[in-house]
Ligand SMILES: CC(C)(COP(=O)(O)OP(=O)(O)OC[C@H]1O[C@@H](n2cnc3c(N)ncnc32)[C@H](O)[C@@H]1OP(=O)(O)O)[C@@H](O)C(=O)NCCC(=O)NCCS
Ligand SMILES: [Zn+2]
């Protein structure tokens, strides 16, 4: 359907330490900007024509608006083509990446910086404010008002999935243990200790059936990427992660009554099909080597195995149980450590996932979590009540 | 008064600046009142929302929602324009006050602002037949609940920082 007219590649990127940071929103932007330009010695702020910033609630978390121009100022970028902030809740980073890709593919510009940033940890006594902000992603008047922030909502998704497909508590815990174990060796991750299946199940039963270790965190962090047209990319770098496909779907529903299902995400299927189609992927399970999927809660990854088209509906629990998403499985899923291990600074997550795929391609991640010679990758984000799904495919070889 | 703040002039209180001999001090209030639009409950009067009728009906004791008079679509939440056919000829119809529990959980930590003192609380999704909605589940213990349990509506008054009486719906296990 979409004719991508020009090849676009990620040629570099950088990351801040994620966690409860003793740093401001502006500090995080500068750290990520520096890390990104340090990674691309042949590209400086003066080369950047377009700027796309993923950030969800700076108005509430950092009391700042008009943040893209602030990023331009902090990083010394003169934008002469396109500048915008994208807000799509938990998928804001991937949305920024998608727009940068489209702008370059369409010939509007050759070089873009994509930066995702969120400062979520307010002083301790204001933690409920961050939770209130996250409860506003559905219909605030009819859902947020009922205390529907993410943990209990995803707990209900887990409850329905267990009810309908006999997914087990152990299978949920296996996802968390796998991802947290990967995060243990990721220097940027918020949670850096290995966790066993039993430890997940024994952690505080926060919103049953989900326990504390089934949840991603409240995280401060940022990450950046440099995207270039093929022509420009060739001038500066031998290596790139080429964007081969990108899709999104939302089915006219964001509030509880208007979602297609509580245990299935057909929007993920639609978004993935768009991306697979553009990338020429016929059999994702066979053709994808590494995937960074949105494990905001352990249950999410299980639903994604199914709805990204890797296994039959209801077989997601079996997929993790059989080790098929381990580093040496059919698809290495979340070698970065996922949102469960790295934390989830909302607007930065999609950017970090894409950077991870590039780092996996170029073999620069810590050796414990390096996937052997991956050639193709995928990133996936859901947002809000999982009413929207965003999927992008990447390839080490130029298309 | 001059344009400049004069620390020797005790009547000059511009910008809440006070001085005690050393540096000028900018005084801020200890607490900023929660703006009424930051509590979770929308304003419910005709001056503030075009679905005031929904809240009026609820105040009278009836849960309602809009139905499109052109295409027949039943909406929830209530609308002023039908998303199916763009008609604005909508009418309020009654919803049942009893339904079944479709899903539920409990919040034991990490509650949103304004709800921290209610922890632990139980919330769920209620199936009313033609629509499902999210709700607080009052007088319910998480461990005692099962999917499919019968629940019934209750209406609560919201006591908060606005000048009109607000109401909202909740559900509770149905006495058997
Ligand atoms: C799960 C959650 C509610 C826990 O918050 P909390 O109860 O306020 O936890 P606290 O911040 O008091 O932390 C208590 C301890 O648990 C740890 N912790 C907090 N969240 C954690 C998590 N998600 N995973 C592992 N450990 C966690 C903290 O490090 C702290 O450990 P310490 O006592 O050793 O210092 C919160 O992390 C959360 O909301 N996560 C989901 C975020 C979200 O919804 N994102 C959007 C997704 S779509
Ligand atoms: Zn209609």
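We did not get these values from a lab; they are worked out from the coordinates using the rules stated. Treat the numbers as computed from the prediction; the structure is a model and nothing was measured. Cβ placement follows ideal geometry from the backbone for every residue including glycine, while neighbour counts extend to all protein chains displayed.
Most tightly packed first, judged by the mean number of other beta-carbon atoms within 10 Å of their residues, the peptides A:340-349, B:136-145 read A:340-349, B:136-145. When the Cα centres of the stretch A:72-130 and the stretch B:125-176 are compared, how far apart do they sit, in Å? Computed from Cα coordinates, the inter-centre distance equals 39 Å. In percent, rounded to a whole number, the relative contact order of the stretch A:1-81 is 30, using alpha-carbon pairs under 8 Å and six or more apart. Extension gain for residue A:283 to residue A:252 (0.36 nm times residue separation, less C-alpha to C-alpha distance): 8.3 nm. Note on residue A:42/residue A:368: beta-carbon distance plugged into 1/(1 + (r/R0)^6) with R0 of 25 Å gives a FRET efficiency of 0.25.
Assuming R0 = 35 Å, what is the FRET efficiency of residue B:85 and residue A:5, from their Cβ-Cβ distance, to the nearest 0.05?
Values: r = 37 Å, r/R0 = 1.06.
Efficiency at R0 = 35 Å is approximately 0.40.
Principal axis extents of the Cα atoms in the protein assembly as shown, from largest to smallest and rounded to whole angstrom, are 77, 71, 51.
Neighbouring Cβ atoms from other chains, within 10 Å of the Cβ of residues in B:111-120, number 6 on average. Extension gain for residue A:187 to residue A:17 (0.36 nm times residue separation, less C-alpha to C-alpha distance): 60.5 nm.
Spacing of the modelled spin labels on residue A:170 and residue A:235, each 7 Å from Cα toward Cβ, amounts to 5.8 nm.
Each label point was placed 7 Å from the Cα along the Cα-to-Cβ direction; for residue B:119 and residue A:194 their separation is 3.1 nm.
Efficiency by 1/(1 + (r/R0)^6): what FRET value for residue B:71 and residue A:140, r their Cβ-Cβ distance, R0 = 25 Å, to the nearest 0.05? Please list the in-between numbers first.
Details: r = 27 Å, r/R0 = 1.08.
Plugging the Cβ-Cβ distance into 1/(1 + (r/R0)^6) gives 0.40.
Placing one identical point scatterer on every Cα of the stretch A:1-110 and ignoring solvent, what is log10 I(q)/I(0) from the Debye formula at q = 0.10, 0.15, 0.16, 0.20 Å⁻¹? Debye output, listed in q order: -0.30, -0.68, -0.78, -1.21.
In this rough spin-label picture, where each label sits 7 Å from Cα along the Cβ direction, the residue A:30-residue A:163 distance is 5.1 nm. Computed over the stretch A:241-399, relative contact order equals 36 percent, with contacts defined as Cα pairs under 8 Å that lie 6+ residues apart. Among A:6, B:166, sorting on how many other beta-carbon atoms sit within 10 Å of each Cβ, with the fewest leading, yields A:6, B:166.
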